Every structure is written in structure tokens, then in C-alpha cells.
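Structure record follows, encoded as C-alpha cells.
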Amino acid sequence: MTARDATLHPRPGLLQEEIDGDLVILDPDSGLLHVLRGTATAAWSALRQGRATAELVREVTGVFGVSADGPEGAELLRFLEDLQRLGLVVRDT
Amino acid sequence: MLPVLGPYEAVEWLFTVETDGPAEHAALAGVLRALKGASRPSEAVHRYQLVTARRGREGSLLLDGEQLVHSPDPGLLYATLLWHVNRGVEGASHQHVLVHAAAAERDGGAVLMSAPMDSGKTTLVAGLVDAGLGYLTDETVALRTDGTVRPYHKALSLDEGSWPLLPHLRQLVPPAALTLSREQWQVPVDAVRPDALSPGARPVVVVLPRFRAGATASLEPAPRSDTLVELMHQRFAPERAPGRDFAVLAEIVRGSDCYRLTTGRLDEAVRLMLAALDRALSRQPTHR
């Protein structure tokens, strides 16, 4: 689980291009490409600003008018875990 | 050896060809003629030698004195040389982003068709050239860092499956090339029309084609982000300069209309792509 007080941010060295509101991320180390859309793009933007996880979830769910404690908030936390698993974000040390 | 052929310029791969076979000489002179380039310092030019089989001795193909292949089959040596030129382009063209794609041009705007090998790219670009567009390439699109296409005027390599769709192109294949290669037509594109070779263009349409036998052709808008991912996956030498490639291809998709094309019938696919190119060109500043 992602601790809600942890601060995550994009791993340094990733390349990104914003196109028509979508975000395409290239991991130059692995060569893998990822496309983020909608909520995921908003979450990525918040990650770049160095928000603590709980604050990030509140902010992003707020943008979309849903509860941070509801299923959408839980889904967002799972998304952040996916990003960690993929090595796209790292915790602040 | 017969007179040296070349020098030829295939993007950044510069080469000459020597052979002792009259048929090979005639075939290669015809098939490679659109690549004829300006002379360069000799050390920059690679040297193919195709030595034909004689009296029990196998023929061989050499590059810069090193044997690439030996065989009693003249068709294999000929085909290997043409294949190796494409490899040379991939290996040598460090200043360009190279993408598995075919491309054709009108009024300075290019339509790029990007897909893996054997997806019908050559057939589609042949259809577009037949319809009056300028030819850029049929297999490897070379993009400069400013996003423009540098032409690679290799001969169209048409596999047997495409022959019934474009039967009139057979007569344009040099006769000696037909004899040497029975499985593929190598069509010099300047034989289609003297002005069929495009000097270059800026992409305005990117198409991701997929062939489905018997399907009605359809052209559906594709998200630019997905198109960027597809183009990145279709690069040659992806490890060479991924950041540069990513930035160049992102700019290209931003400036292009992007589509997924399902092809069944060639004439329908060509009609759809021409209409897409018309729409894109009509929005270009010089066409307003």
C-alpha cells in the first residue's frame, strides 16, 4: 500500500510529451512507453508538484468532483502503486 | 568486372557496386538508378562486389572486401545485396530518425504509412504513386530532426501477393531484374512517371495501416498519443537516440492528422488516404 503521508514524484530522467491533453512518457532506461489520459494525467501533474499522497488524492478527486474516500480515491491509490511498481515514480527519501 | 555502378546514396549509406555478371549489372543499374548520388570522398563510400558463379566456383557477395554470403544461386546474391543496402541505411543513418514506414507526397505534404514489415506498405505507396503522388520511400522513412522527410528512393519491392493489384508495374521492372528475382518485383519509381520522385516533404498525415482480406477499407481517427507510441515502436535502432526520436516524432504527430486504416481493397484505401491528405493540405497556410 502507498502510505498516505508519503510523497511521490516522477523518477528523474523520464521523458514526456503532452499531446492533445494526453501524456506520453518514455522511460529511456527500459524503452517502455506509457500513455496517461484523463485522471491519470491530472495525477501525474500533481506528482510533478511534489504533493503528499493524501493531498494528491484529495486534489485530483476534487477536480473530478468525487470523494477522496470513495472508490475513485481507492482507484487512484492503486494507480499510484502501479506507477511505483513500473518504476515511474519514487518516494522522497 | 564491368564498369562500377554508383556512387549511390541511400540516406547516409553511400556505396558503389561492382559485378562481373552482365545480367546483374543490368538489373542493378536499373533498380538502383534513383539512388545515384553526388560523389563523396572515397573513404566514405562502401564497396559491394558481386562475383558470379563460374565453372564450379560459387558466386559471392562482398562488402569492403569481406564476404557477406556465397552461393551458387545468382538470385540469392542479388537479393542479398538489395537487402543489405537497407541494412546499411539502418546502420549508417545516425543523423535521422528511421521508422518502418512508407511515404508519398503532394504539394510538400507527406502521408506516412507506418506498420511492421509485410503490412502492405509498399502496395499502398505504389497505389498512391499511381494516383499521382510523389514517391518518398516504401520501407524506411528517414526523418530529419526538423521533422521533414529525406527521400530514400529505393525501388518499390512488390511481393507476389501485390502483383494482381498492380499488374501494369511488371513491365517497368528491368528485364534482367525479373530474371534474377522471381519472388519480388523491383520497380524503379521514375519508370512510373519521370517526375514521380519527390524531393522531400513535411508529414501532414500519419496512417497506421492494417490489412484485412476482404474488409471494406476504413479510415478512423487515431489519438495522436497512440500514434506517437506506434511510431516509436516502429523505429529502427531504437537504442541510438531515444530522446531525440521521441521529440521529433512527437512534433510530427502534433502537426499531422492521424488515422488507423483498415485496408481490404487497394483502390478504396488510396481514395481514403487521398481525401485525408486533401483535408490536411487545405489547412496548411500555403494552401489557404
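The values are calculated or read from the model by the stated rules, or taken from the named source; none is laboratory data. These numbers were taken from a predicted model, which means no experiment stands behind them. Counting neighbours? That spans all protein chains shown, and the Cβs are built from the backbone with ideal geometry, glycine included. With ligands, DNA and RNA removed, areas are computed over all heavy atoms of the protein, side chains included. Shrake-Rupley method; radii C 1.70, N 1.55, O 1.52, S 1.80 Å.
Computed values, structure above
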quantity: Contacts under 6 angstrom Cβ, first residue in the stretch B:118-146 being within 14 Å of residue B:165 (Cα to Cα), partner among the β-branched types (Val, Ile, Thr) and part of a loop (DSSP other than H, G, I, E, B), 6 or more apart; calculated: B:129/B:192
quantity: Flag if residue B:79 is part of a helix (DSSP H, G or I), over 22 Å from the mean Cα position of the chain (by Cα) and within 23 Å of residue B:189 (Cβ to Cβ); calculated: no
quantity: Filtered residues of the stretch A:50-61 (kept if open to solvent by 50 Å² or more (accessible area, probe 1.4 Å) and part of a helix (DSSP H, G or I)); calculated: A:55, A:58, A:59
quantity: Residue within the stretch B:244-263 that is under 17 Å from the mean Cα position of the chain (by Cα), modelled with pLDDT of 95 or more and not charged (D, E, K, R) present; calculated: no
quantity: Single unsatisfied condition, residue A:16 versus (1) open to solvent by less than 30 Å² (accessible area, probe 1.4 Å); (2) of a type outside the set (Lys, Arg); (3) within 14 Å of chain B (Cβ to nearest Cβ); calculated: (1)
quantity: Leading residue by the ranking (surrounded by the most Cβ atoms within 10 Å (Cβ to Cβ)) among those in the stretch B:1-25 that are of a type in the set (Gly, Ala, Ser) and closer than 22 Å to residue B:70 by Cβ; calculated: B:21
quantity: Criterion: modelled with pLDDT of 95 or more and open to solvent by less than 10 Å² (accessible area, probe 1.4 Å) - qualifying residue of B:133, B:172; calculated: B:133
quantity: Any hit, the stretch A:65-81, residues being away from chain B (no Cβ under 14 Å), over 21 Å from residue B:253 (Cα atoms), of a type in the set (Asp, Glu) and open to solvent by less than 60 Å² (accessible area, probe 1.4 Å); calculated: yes
quantity: Criterion (surrounded by 13 or more Cβ atoms within 10 Å (Cβ to Cβ), out of contact with any Lys or Arg (no Cβ under 9 Å at 6 or more places or on another chain), within 14 Å of another protein chain (Cβ to nearest Cβ) and of a type in the set (A, V, I, L, M)) met by exactly one of A:33, A:47; calculated: A:33
quantity: Filtered residue count, the stretch A:19-48, keeping only those that are over 17 Å from residue A:86 (Cα atoms), assigned to a strand (DSSP E or B) and touching a residue at least 12 places away in the same chain (Cβ under 8 Å); calculated: 1
quantity: Extreme residue, nearest to residue B:169 (Cα to Cα), among residues of the stretch B:86-120 that are open to solvent by less than 10 Å² (accessible area, probe 1.4 Å) and modelled with pLDDT under 95; calculated: B:115
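Conditions tested, residue by residue: (1) without any contact (Cβ under 8 Å) to a residue 40 or more places away in the chain; (2) open to solvent by 10 Å² or more (accessible area, probe 1.4 Å).
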residue: B:148; (1), (2): no, yes
residue: B:154; (1), (2): no, yes
residue: B:158; (1), (2): yes, no
residue: B:185; (1), (2): yes, yes
